[in-house]
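Rule-based calculations on the coordinates, nothing more; no lab input. In this text the structure is predicted, and so the values were computed from the model without any measurement. Cβ placement follows ideal geometry from the backbone for every residue including glycine, while neighbour counts extend to all protein chains displayed.
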Amino acid sequence: MACSVTINGRALPCKDSLGGIKKIWVAAWSDDMWDAVASGEIPDSSAALTLKDYDMHKNTGSFTQTLNASIENGTIFYEQVVSCQFSKEVAADIGGFQDMIKGRLAIVVQDVNDNYFVVGHTRGCEVTAGTVESGTAIGDFNGLRYEFSAQESIAAPFLDSTGANLTFTAT
């Protein structure tokens, strides 16, 4: 069976968006936790879901999606990577992050344009790298850096953050 391709085109958008992320919102991941994606967006969580925020200083986090395609295998997938930097080593963070990074996570990235993206919406996210740093010189970074990764068949969908089953809990 032949593949059906739709081409819509795209006009040049206004120059009114910025790069970077504000924070990430995290919950334990489970199968079928998100409603189906429709037109690039998830309207809500399929069940009650509380997400906790992990705030960062400006210009210290990023969200990158890389399209990986194999002509030979006929496959495509998106490698989704969230890089976060949390300043200042705190004893509670060591235990809290250690517990969190053991499992699969649901991560919602809030960018500086107040868009919300669901990373790993069908398969979850996992920590794939990290460091705890004290720095060398007096002005060096002191804190934690983590990378969360997911592989999905489509780019991370937008999330309607006003969903009835969603609770965003700020710390």
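Any chance you could check the Cα centroid distance between segment 97-141 and segment 77-93 for me, in angstrom?
The distance from the Cα centre of segment 97-141 to that of segment 77-93 comes to 3 Å.
How much net charge surrounds ASP55 when only other residues with a Cβ under 13 Å from its Cβ are counted (Lys, Arg +1; Asp, Glu -1)?
+3
Per DSSP H run of n ≥ 4, the term is -39500 (n - 2.57); total these for the chain, divide by its residue number, and report the mean residue ellipticity at 222 nm rounded to 500 deg cm²/dmol.
Helix contribution divided over all residues of the chain: -1500 deg cm²/dmol.
Using the Cα centre of the chain as origin and beta-carbon charges of +1 (Lys, Arg) and -1 (Asp, Glu), tell me which of THR128, GLY103, TRP29 is placed farthest towards the positive end of the dipole.
THR128
So for the pair VAL132, THR162, with labels modelled 7 Å out along Cα→Cβ, what separation do we get in nm?
4.2 nm
Of all DSSP beta bridges located in segment 21-169, what percent are antiparallel, nearest 5?
Counting DSSP beta bridges with both partners in segment 21-169, the antiparallel share is about 90 percent.
How far is it, in nm, from the label point at GLU72 to the one at ALA11 when both lie 7 Å from their Cα along the line to the Cβ?
Placing both labels 7 Å along Cα→Cβ, they lie 4.4 nm apart.
Placing unit charges on C-beta atoms (Lys and Arg positive, Asp and Glu negative, everything else neutral), compute the dipole magnitude of the chain about its Cα centre in debye, rounded to 20.
Here the size comes out at about 240 debye.
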